[in-house]
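**Student:** Handing you a structure now.
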Amino acid sequence: MRALPLGVMMLRRTKRLRFANRAAAAIFGFDRARAKGLHLIEIIPSIELERRVDSVMGGEALAAAPLIVSGKRTDRSYAVSVYPLRTELRSDDEQTGEISGALVIAEDQTERLALERTRQEFLSNVSHELRTPLSSVKLMLETLVEGGDDDARAYFLPQALREVDRLASLVQRFLEQARAESGVPALRVEEVDLEEVTRSVLRSFAQQAAAKEISLDVRAHRPVIVEADEAQLSQVLVNLVDNGLRFTPKGGAVNVDLDVEDGYARIVVSDTGVGIPYKDLPFIFERFFVADRSRARGISGAGLGLSIVKQIVESHGGTIDVQSVLDAGTQFTIRIPMVARVS
């Protein structure tokens, strides 16, 4: 029992701890030496667990069941099984006699359940992201097949192409995420003029910005030349500028500020958008996390863009930070070594 990876506790009839292995102490967060002899409720503050132990000691058979225990910082989820301990053991290993205590076996499933929730949210987000443009394309093509005239073709075909581009962009982000996590391809390091790269990216968004009457500008305080992968840095800027445009209302601004600071290139991408809730800021770089920007109705994503940005920046030996104020805007600050320091 001492070597088992599962948490094992033996309780006396009085529900006081007789034995606990290291895994149990780690799972539930208690000191084995100090806990010995203490009542179960003093060790694990769970009325539900105590109820299960009472039921088993009363002769009731219980199957393994989930158990949530509230902690100081967060709730933990466990799979817990409780079995009776009896006073005698027959030669065939079957316990007999009176119930003298209980055996508690627990497995911490918090991380597994969190991953499962992430997976389900991811599938839901992807389904939504794919379904919307596909439905639009299908509807427009059906309209044209059913006898659309020249005016209908002129109106619907450009829209259908935009929706196809949206689908291609989403698929591209999944591919980028997969490549980043696999560690390939290796970065192609060369001298990169950040101002030139930034202006090229902003030109690709000029039409989108004009349609929303959003000003889009870059300010370089001095020449910023770094040793980096130009395509990857371009992708960082594309993702951040795209985010800024999507969450900035009509008449706002998205700006990129470039400078050099202590041997690092500093890239600041700021917008005057809806902002990110304070509670979401610690999680926005996680895969598939979608911040609650409920004021920006009809705007969503698969939660991959910022995760990809972070991985690219860190692969260059750099860092990325974010500051945001609701209804005032968001600012991403990237620092990348001027000289290649690829991790």
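**Student:** From the residues in region 172-204 that are at pLDDT 90 or above and hydrophobic (A, V, I, L, M, F, W, C), which one is farthest from residue 230 (Cα to Cα)? Give the derivation first.
**Tutor:** Of region 172-204, the ones at pLDDT 90 or above are 190-203.
After this cut, where a residue has to be hydrophobic (A, V, I, L, M, F, W, C) as well, the list is 192, 194, 197, 201-202.
On the way: 192: 6, 194: 9, 197: 8, 201: 11, 202: 15 Å.
Checked region 172-204; the qualifying residue farthest from residue 230 (Cα to Cα) is 202.
**Student:** Follow-up question, since we're still on this one. May I ask you to list the residues in region 266-276 that are of a type in the set (Gly, Ala, Ser) and at pLDDT 95 or above? Full working, then the answer.
**Tutor:** We begin by selecting, within region 266-276, every residue of a type in the set (Gly, Ala, Ser); these are 270, 273, 275.
Selection gives 270 alone.
**Student:** Can you give me the number of residues within region 242-256 that are assigned to a helix (DSSP H, G or I) and touching an Asp or Glu at 6+ places or on another chain (Cβ under 9 Å)?
**Tutor:** Initial filter on region 242-256 (assigned to a helix (DSSP H, G or I)): 242-246.
Among the residues that remain, those that are also touching an Asp or Glu at 6+ places or on another chain (Cβ under 9 Å) are: 243-245.
Within region 242-256, residues that are assigned to a helix (DSSP H, G or I) and touching an Asp or Glu at 6+ places or on another chain (Cβ under 9 Å) number 3.
**Student:** Under the condition of being among the aliphatic types (A, V, I, L, M) and touching a Ser or Thr at 6+ places or on another chain (Cβ under 8 Å), which residue from region 232-268 is surrounded by the fewest Cβ atoms within 10 Å (Cβ to Cβ)? Step through it out loud before you land on a result.
**Tutor:** Our first condition is that a residue be among the aliphatic types (A, V, I, L, M); within region 232-268, this holds for 233, 236-238, 240-241, 245, 253-254, 256, 258, 260, 265, 267-268.
Those still in the list that are touching a Ser or Thr at 6+ places or on another chain (Cβ under 8 Å) too: 237-238, 253-254, 256, 258, 267-268.
Details: 237: 23, 238: 18, 253: 16, 254: 29, 256: 24, 258: 20, 267: 27, 268: 18.
Residue satisfying both the conditions and the ranking: 253.
**Student:** Another one. Any residue at all in region 46-55 that's farther than 20 Å from residue 85 by Cα and either in contact (Cβ under 8 Å) with a residue 12 or more places away in the chain or among the basic types (Lys, Arg) (or both)?
**Tutor:** Step one: list which residues in region 46-55 are farther than 20 Å from residue 85 by Cα, which gives 46-47.
Within this subset, residues satisfying the condition of being either in contact (Cβ under 8 Å) with a residue 12 or more places away in the chain or among the basic types (Lys, Arg) (or both) are 46.
Looking through region 46-55, at least one residue is farther than 20 Å from residue 85 by Cα and either in contact (Cβ under 8 Å) with a residue 12 or more places away in the chain or among the basic types (Lys, Arg) (or both).
**Student:** In region 126-140, what residues are modelled with pLDDT of 70 or more, among the charged types (D, E, K, R) and either in the same structural domain as residue 305 (by TED's automatic domain parsing) or surrounded by 12 or more Cβ atoms within 10 Å (Cβ to Cβ) (or both)?
**Tutor:** The one that is modelled with pLDDT of 70 or more, among the charged types (D, E, K, R) and either in the same structural domain as residue 305 (by TED's automatic domain parsing) or surrounded by 12 or more Cβ atoms within 10 Å (Cβ to Cβ) (or both): 138.
**Student:** When you scan region 190-208, how many residues do you find that are under 15 Å from residue 246 (Cα atoms) and part of a helix (DSSP H, G or I)?
**Tutor:** Restricting attention to region 190-208, the residues satisfying the condition of being under 15 Å from residue 246 (Cα atoms) are 202, 204-208.
Now narrow it down to the ones that are part of a helix (DSSP H, G or I): 202, 204, 206-208.
Final tally of qualifying residues: 5.
**Student:** Hey, among 259, 327, 292, which residue is at pLDDT 90 or above, in the same structural domain as residue 211 (by TED's automatic domain parsing) and charged (D, E, K, R)?
**Tutor:** Numbers: 327 fails: at pLDDT 90 or above; 292 fails: at pLDDT 90 or above.
Just one listed residue meets the conditions, 259.
**Student:** Could I ask something else about it? So residue 146 ticks every box in (1) touching a Phe, Trp or Tyr at 6+ places or on another chain (Cβ under 8 Å); (2) of a type in the set (Asp, Glu); (3) modelled with pLDDT of 75 or more but one. Which box is left unticked?
**Tutor:** That leaves (1) as the condition not met.
**Student:** Quick check on residue 232: is it modelled with pLDDT under 95 and more than 29 Å from the chain's Cα centre (by Cα)? Full working, then the answer.
**Tutor:** Details: modelled with pLDDT under 95: yes; more than 29 Å from the chain's Cα centre (by Cα): no.
Considered against the rule, which asks whether it is modelled with pLDDT under 95 and more than 29 Å from the chain's Cα centre (by Cα), residue 232 comes out as no.
**Student:** Let me ask you something else. Please verify whether region 98-119 includes one or more residues that are modelled with pLDDT under 70, touching a Ser or Thr at 6+ places or on another chain (Cβ under 9 Å) and not in a helix (DSSP H, G or I).
**Tutor:** no
The values are calculated or read from the model by the stated rules, or taken from the named source; none is laboratory data. From a predicted model like this one, the values you see are computed outputs, not experimental measurements. Cβ sites come from the backbone with ideal geometry, for glycine too, and all protein chains shown count toward neighbours.
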